[in-house]
Structures are given as structure tokens and as C-alpha cells.
Amino acid sequence: MASSPLFSMSTMKRDSFVMKTITSNKEFKFNVSNPFDKLPVTSPTLLLTGENSLKWGQNESLLRNRMQCRAVEVKNMPRYTMGKKFELDDVIEAQQFDRETLNAIFEVAKEMENIEKNSPGSQILKGYLMATLFYEPSTRTRLSFESAMKRLGGEVLTTENAREFSSAAKGETLEDTIRTVEGYSDIIVMRHFESGAAKRAAATAGIPIINAGDGPGQHPTQALLDVYTIEREIGKLDGIRVGLVGDLANGRTVRSLAYLLAKYQDVKIYFVSPDIVKMKDDIKDYLTSRGVEWEESGDLMEVASKCDVVYQTRIQRERFGERIDLYEEARGKYIVDENVLKVMQKHAVVMHPLPRLDEITVNVDADPRAAYFRQAKNGLYIRMALLKLLLVGW
């Protein structure tokens, strides 16, 4: 930043800055939100103003005008400056993110989109190695992370089914696996079948851990790409209506998404699900504590007519164990088809974390409001952004 004729910039912090008078070398600290809190207008200190000089208080109007210009410049400087360390060491759960951080990550994701489209051969992460440890099946999440790393010039170490084809099959603990793998890599992306496994990994590792899904717990990077997609598709995040449909008890994606939606103003969430897989009370209680309005409904058509986003999920057979009868009871009750599209608003979108089975019919795909494949593509940009931020910072 260029220095003022009155002052030279000394240091700057997130919420304040220090300036020195040119002639006396005295320092004065100013709060960014109110830069005149400590304006020493009665001080006899002489200051240079081009060819003339004045005393504090003799030309207070000129002084305050110049100070106001400097304060506006500092206040408008981004909180996240290039080269600064990312404030999170790991990405474990959606509650880690505040609204300002989300907005900044989304800006980096837009930069990643430009890199992916216009700058093939980026070397931002050259020399870095990412290990993917997936104890559960994955297509989009694992491949998008691996694609993200390679598109930024990094390398990948991967195991597709760590539950079966790693030393976990021999009884090795998660903690021992993490201690071993961190010796080979710079960052670990992990999917696990147990809720809370990502926290255990992060507590063990000395390198960043990204939670790519932990059982029925959370899937924070999916939630990030979901919110990013909503913003890109709808054009706003405040004042939206979102219908979460399907397996809400076992769906880690909807849990993480609910946590992130609570960061925004005047949001209403509708829960539409079979009774056996209703949203759990911890999410409802959290939303209530944050002043987020929510409603349970059994009428998908009515909810779809009100919402900006219909977020469909599959009934997860793998979470039912041997109770296949309960799975069959829940499956197929709520399906997004052409009839649902007819009652949806023109600007609204259908989203899905994928994979889908029969909960969205294939004839929906041709409708421009079907956003789920664009949503999957956005996962690449969000994950490129996270890898860049965790490894090299802003």
C-alpha cells in the first residue's frame, strides 16, 4: 500500500493498524472499525502535508479527510492475503467454517475453475504428495480429489479399498495406519466407515487430514461443494428454501449441509423422509439453537413447490445391515420425476450428492433445473481450492 503524505504505514493486523508520523516517528494505533478512536487532535506534533506543515487540530477537517481515506483502504483490504497460512489445519466437520471463510474458499474455487479451464499444467502443488485412504467405496469423491491434486501439479498415493486391501485387514489400528502413511505423504484424504474416525486421524497425524466421509457422521467437502453450487445456481444463499429428501438419518451429506446452511440468514429447511430414516434430533436442535426455521413434511410435491433447492438422496442400503425389510419399506417412497418438476419454480434446482438409484428418474436429466452433474463438477474446484489452501495457504 502506498504511504500517505501524513503518515507511513508501520504494521497492520486483522482488526487494527499502526501508523507513524513522519517527523516525530511517534506511533498511533487505530481500530479499523473506528479509525478515529485514538486520533490525537490535541497533540502539538508537526506533520508534513506536501509543501506545507500543520499542527494537529489546526486543520482538523483536512486531517480527518485524509485519515478517512486511509482507513477505507485498510478496511477494504482482504482478510485473506496471498501467502498467508490457512487458518484450519484439517477439514473434519462443517462446523469448522464461518461465513467469511466460506466466501473466501468459494473465491479460491472460482480461481481453480479458471486454472482448470485455461491453465493446464499448473504447478502450484508441484512436489507435494497426497495419500487417499478410502475404507468405503467411492467414485466421485476419490477421483475428484485425485484429479484436483494432479491438475495442480501434485502426485497421488492411493488405495481404493483400504478396509480390505490394507493392513487394516490384519487388525492394524487406524492410528498406526495414519502414523505410517503420513511418513509417505504431505496430506491425507480419508473416508472411513466409522463416525468420528476423521477426528481420531487428525488427532494422530502431524499433516493435514481431510474427511471424505466418516460413516453416517459428516462429509464436509461435499457440503462445501453443495453450498457453492447453490450460490452458483440460485445466485444467493440468504433467504433460500431447501428441501432435504430421502435418507436423512444415515446421510452424512445432508447433515453437513444443514450445518453450513445455518451460517446464512432467513434460511428455511424442509425435511422429507420415510419415518425410519428421519433427520436426527441433534441436527434439529442445532438448527433451532441457531434460529434456523425447519419443518418436517411427508408431502414432497408441496415442499418442491416452495423450495429453491430440492436436495434428493438415496436410501442407503449399506446402513441397514441385515434389516433388508426396513430398507425396502423406506426405498421408493419419495421420487423426483417429471411430476415434481411441474410444480417446482422456474429458477429452482434439483441436487443430489450421487450415486443415484431410482430416486431421480432419468428423464429429469434433460431439464435445465437438474443440477447434480454440474454439482459433481463443482466438487473438483472446491477440492482443488482446499488442497491449495491446506498445503500452501492463501
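The values are calculated or read from the model by the stated rules, or taken from the named source; none is laboratory data. As the structure is a computational prediction, the values presented were derived from the model and not from experiment. Quick reminder, even Gly has a Cβ in these numbers, built from the backbone with ideal geometry, and neighbours come from all protein chains shown. Just the protein is used for accessible areas: all its heavy atoms, side chains included, with ligands, DNA and RNA removed. Shrake-Rupley method; radii C 1.70, N 1.55, O 1.52, S 1.80 Å.
List of remarks:
- Across region 355-367, coupling constants 3J(HN,Hα) worked out from phi with the 6.51/-1.76/1.60 Karplus curve, θ = phi - 60°, read x, 9, 10, 10, 7, 10, 6, 5, 6, 6, 4, 6, 6 Hz, and Gly and Pro carry x.
- In Hz, Karplus ³J(HN,Hα) per residue of region 117-127 (6.51, -1.76, 1.60; θ = phi - 60°; x = Gly, Pro): 8, 10, 10, x, x, 4, 10, 4, 10, 4, x
- Protection proxy ranking of 368-374, 191-197, 220-226 - average other beta-carbon atoms within 10 Å, highest first: 220-226, 191-197, 368-374
- Rolling a 1.4 Å probe over the protein chains gives TRP294 an accessible area of about 80 Å².
- Nonpolar atom fraction for region 221-376, defined as the carbon and sulfur part of the 1.4 Å probe accessible area, stands at 45 percent.
- From phi via Karplus (6.51, -1.76, 1.60), per-residue ³J(HN,Hα) for region 385-392 in Hz, x at Gly/Pro: 4, 5, 4, 4, 5, 5, 8, 10
- Tail fraction, Cα-Cα pairs, region 221-376, threshold 29 Å, whole percent: 10
- Less than 5 angstrom separates the built amide H of GLY153 from those of LEU125, all sequence-distant by 5 or more or on a different chain.
- Approximating the spin labels as points 7 Å out from Cα along Cα→Cβ, the VAL362-to-LEU129 distance works out to 4.3 nm.
- Accessible-area value, MET301, 1.4 Å probe, nucleic acids and ligands omitted, Å²: 80
- Accessible area per residue, Å², region 221-376 with all protein chains present, probe 1.4 Å: 41
- For THR159, residues with placed amide H under 5 Å, excluding near neighbours: THR132, PHE134
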